[in-house]
1. Highest mean first, what order results for 48-57, 333-342, 449-458 on Cβ atoms within 10 Å?
2. Listed highest first by mean packing, meaning other Cβ atoms within 10 Å per residue, what order do 286-298, 72-84 come in?
3. How high is the relative contact order of the chain, in percent, counting Cα pairs under 8 Å that sit 6 or more residues apart?
4. In the structure shown, do any of Lys180/Lys201; Lys2/Lys64; Lys201/Lys241; Lys209/Lys396; Lys64/Lys241; Lys2/Lys241 have a Cα-Cα gap over 27 Å, and if so which?
5. Can you list, by residue number, the Cys in the chain that have no neighbouring cysteine C-beta under 4.7 Å?
6. When each pair of different Cα atoms in the stretch 399-456 is counted once in the 1/r mean, what is the Kirkwood radius in angstroms, to one decimal?
7. Mind giving me the FRET efficiency for Ser30 and Arg178? R0 is 51 Å, r the Cβ-Cβ distance, nearest 0.05 is fine.
Amino acid sequence: MKDFINDNQIEKTLVQAKNPSAARVREIISKSNELKGLTPDEVAVLLQTEDDELIDEILQAAHKIKESIYGNRLVLFAPLYVANHCSNNCLYCGFRRDNRELNRVALTMDQIRNEVEVLQREGHKRLLMLCGEHPTRSSLDYFIEAIETAYAVKTEHGGEIRRINVELAPLEVDEFRRLKKTGIGTYLLFQETYHHETYKKMHPSGPKKDYLTRLTAMHRAQEGGIDDVGIGALFGLYDYKFDVLGLLFHALQLEKDCGVGPHTISIPRLEPAFNAPAAIAPPMPVTDTEFKKLVAILRMAVPYTGIILTTRENAALRSEVFAYGVSQISAGSRTNPGGYSDKTSDAFRSAQFNLGDTRSLDEVILDITEHGHIPSFCTACYRLGRTGKDFMDLAKPGLIQKFCQTNAVFSFKEYLLDYASPKTREAGEKLIADMLETSFKTKRKKMVTDRLQTILEGKRDVCI
Ligand code: SAM
Ligand code: SF4
């Protein structure tokens, strides 16, 4: 496959969009309200908008889109790092090969079981499993066994993992087929930066040096039958405006070639990491204001693609950007393999990077509930086959409001009964009661009330 990212074209698009008129910016904002997405030229204009009043209008527009498509729901997951050996040398990552001081760990299947039990007992149902790239310590065979092990763990109250998304180095089509057979949800992989020269500088050795193999991984995943794929960029490596356009060109190419764009876009920002020079001094740091703006612009550009925000960001900023379009968040995370079951371990010496939000899942849930968001552990679409193009075809006429809001209430109710602290339970029950009054019309309200009663009586995994 040919490289479809043209640096000159992106730079030129950005130069041409400089100093846009207020009228042009408002015209694009108004187009974004139609929920049909935006072109790269239009996105470049929004990115080049520096006027505070207009930026505020961009944020408000993204907020409206987020409310109309996603309502107040936020999907929660936990990352599960199984191994931190790596043959690559990414200058920003604590796992990089040349970090000789890192404690290297590859969890055994028993240790993975322990980790999953802890996560289940906190209330998690969705995992993102990841590892470093290493031919023997985290081979595909090992990773597949780890997925199967995690899916097989069951704890009290119907504790189980219902969806495992994975993030691991690029594979070949046959390998993606094998991965698909384990029942994974989304395959995620971040290009880190779409800017070729910076990519080369940041990845001096190891298989990840190869930009094109990474760029085309999502196409191979689709060919291997994985129809939910998640792209991302690591913000802080290069100009954020360039990388937002890179993400958009990647999304458009997938839509053109595979009939469906990415299921999610992740927007990690560089965090300090142990012995990782580019993380300690990010080459092009992205300010909080720029970060909010880029989240909003992505929401307007690809309205039906989920946006994932992780615990790299601190609690205050996370609360703020939920409003502009984030639809999935991690909570209660550890980035050191084994970090959930051994909380006393020297996390810094085995973790990938430092966390900005170290609160427990229950604390995060209490906070988002008090801000009016409904936490969701729903996995219904994936298990009922609503994935890839089928998902997007349903999402556009309103699936997310119809199914997701309802399933969020069901999965949240299960969480409140089985895992929540008394304070979170009280806040959560109040939110559900308020939503029953305001968010559901008579017929649906009756159906939701009836099913909530079955959950109270002990039924689990209720969804539509
Ligand atoms: N090793 C695989 C890879 O590189 O694709 C799997 C994922 S890696 C464990 C997860 C992601 O963490 C990377 O793609 C990168 O974007 C991100 N990451 C690495 N170092 C980071 C840092 N210092 N701050 C924030 N994110 C970082
Ligand atoms: Fe290895 Fe991934 Fe870290 Fe790069 S980002 S050093 S590939 S774990």
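Coordinate-derived values only; no laboratory data. Small disclaimer: the values here were computed from a predicted structure and weren't measured. Neighbour counts are summed over all protein chains in view; Cβ atoms, including those assigned to glycine, are modelled from backbone coordinates with ideal geometry.
1. Top of the packing list down: 333-342, 48-57, 449-458.
2. 72-84, 286-298
3. 20 percent
4. On the way: Lys180/Lys201 33 Å; Lys2/Lys64 38 Å; Lys201/Lys241 19 Å; Lys209/Lys396 37 Å; Lys64/Lys241 23 Å; Lys2/Lys241 23 Å.
Too far apart for the 27 Å limit: Lys180/Lys201; Lys2/Lys64; Lys209/Lys396.
5. Among the cysteines of the chain, those whose Cβ sits 4.7 Å or more from every other are Cys86, Cys131, Cys258, Cys378, Cys381, Cys404, Cys463.
6. About 11.6 Å, per the Kirkwood formula over Cα pairs.
7. Once rounded, the FRET efficiency stands at 0.60.
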